[in-house]
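Remarks on the structure that follows.
The values are calculated or read from the model by the stated rules, or taken from the named source; none is laboratory data. Keep in mind that what you see is a predicted model, and the values were worked out from it rather than measured. Note that we place each Cβ from the backbone using ideal geometry, even for glycine, and neighbour counts take in every protein chain shown.
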């Protein structure tokens, strides 16, 4: 039974890298464990990610699954607005979107959280 | 084949460490190939501006310095061959400059020059209103036709591989797709057929992983703070076998780390559909990829699958789109973020009052969360913060006016305004990015060999 939950951050259970593709940005998100991957597959839908970044105005978010690598690729269409070369934002190329996604708050069952966290360092 | 081909990368972009190539070869003199990438989406427009001022420019001159730095290795008998897209808009100019450096040192070599990527004339000459529509927006080329600066097709590995097979020591290309630099080396080394799609897919993934240099050896990693030797991150090497299996590694004695994590992070960098990664050589699926650590700083990648490439080349065009500038001030003291924002508004208000309302403007109080404005809860309890104001407008004089509106705040703004040591920000031309497609049979990649 997994009754008790705890407040966590996405960065406890996954890591990420983001960059630009024209006026879109992609965020590669990788779970540390298979349990974490399954949890994110069920909970971190494209709608959740689009809503999280709504202030930046993504037109559409596609989520691709790469289960063999415990990874997802989120493609945030139009999130850079004017595109890398025209955007006036300090983060014109979406380099900060990955770390921003990792700040997302999660409410996770305590035991599940323990099975999803990173087990070792580089 | 009894051994893998060894391919290193020593440049991720125009402006990367100029001594990386020599350092890489010093620690790994056994490398068969070095690839050096210099081009980003709008690099070619910067080269176009340089060429307007000097017809002999228009390429990444840094590469000539790299060639100079490698002469001692070659003269000592090392055989490492070099493939690069440093040619930019002027591959012949780049090759000539390299040749001059080698001649001066009495060094003989064969330089392959790959061109045919420049399709600006085709875009300018088109009368088909449906051709070259913006791949992202669907907008017609007519919207930017009279402002086009560059248009280059992302060529595949074919001609560069041919140059290597003909014995070229250096291959200077224009706009090759970044991973194609690596595909060219592997396919020339092993004699792969162009239709050998699984192998090309593997080399494309290998190229994708090393084309951004230190980004696969710990650079911009989520776990960057755990790295040792951050001041000397190793540039990456792939050891690629004839069956397409490869190991990503880096030279001993360099900083950073090659791990399952750094490789996965870079695999996903600038990726679209992972089941359908499009390159001019092959359509790649990474869905069946297996990534595992096989030793310290050694990560094996296998399982890339390929199918035929798309019938079109991607073309990256750029067009003039007015001017921009951005400036920063530091605001120190209570409520720093609110005071910074007010200062930013004043700049825009003063522009408006002078009749220079900018077409676009953006104010950020950096430190409060504005780099990803509205995504995370805004922090307004800052005691110090950096104000950044950016504007863009078709009128140069409007942007010029902007660049003079930050300094007055040093005496007219709130207490604790500081950090205005760097002077007026420069006015820069804006180049819009216009991705579009062109049928493969309308582009003719060409190869010439220059014997030095």
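Being part of a strand (DSSP E or B), within 21 Å of the chain's Cα centre (by Cα), within 13 Å of chain A (Cβ to nearest Cβ) and buried (at least 17 other Cβ atoms within 10 Å of the Cβ), is that true of even one residue in the stretch B:307-314? Yes, the conditions are met somewhere in the stretch B:307-314. Would you be able to say whether some residue in the stretch B:350-371 is free of Cβ contacts under 8 Å to residues at least 24 places away in the same chain, in the same structural domain as residue B:258 (by TED's automatic domain parsing) and within 27 Å of the chain's Cα centre (by Cα)? No - not one qualifying residue is present in the stretch B:350-371. Of the residues making up the stretch A:34-63, those that are assigned to a helix (DSSP H, G or I), crowded, with 19+ Cβ neighbours inside 10 Å and more than 9 Å from chain B (Cβ to nearest Cβ) number 6. Within the stretch B:225-236, one or more residues are assigned by TED's automatic domain parsing to the domain that holds residue B:13, closer than 24 Å to residue B:303 by Cβ and crowded, with 20+ Cβ neighbours inside 10 Å. The criterion of at least 1 residues that are more than 29 Å from residue B:5 (Cα to Cα) is met, among helices (runs of 4 or more DSSP H) falling completely within the stretch B:31-125, by B:43-53, B:91-104, B:120-125. Where residues in the stretch B:370-403 are out of contact with any helix residue (DSSP H, G or I) (no Cβ under 7 Å at 6 or more places or on another chain), modelled with pLDDT of 95 or more and in a loop (DSSP other than H, G, I, E, B), which of them is farthest from residue B:430 (Cα to Cα)? Here the residue is B:395.
One residue stands out among those in the stretch A:64-95 that are at the interface with chain B (Cβ under 8 Å from one of its Cβ atoms) and part of a strand (DSSP E or B): the one that is surrounded by the most Cβ atoms within 10 Å (Cβ to Cβ), which is A:71. Kindly indicate whether residue B:390 is touching a residue at least 60 places away in the same chain (Cβ under 8 Å) and more than 30 Å from residue B:91 (Cα to Cα). In short, yes.
Inclusion of residue B:327 among residues that are part of a strand (DSSP E or B), in the same structural domain as residue B:240 (by TED's automatic domain parsing) and either touching a residue at least 60 places away in the same chain (Cβ under 8 Å) or closer than 30 Å to residue B:276 by Cβ (or both) is not warranted.
Being surrounded by 21 or more Cβ atoms within 10 Å (Cβ to Cβ), under 14 Å from the mean Cα position of the chain (by Cα) and in a loop (DSSP other than H, G, I, E, B) is a property that residue A:98 lacks.
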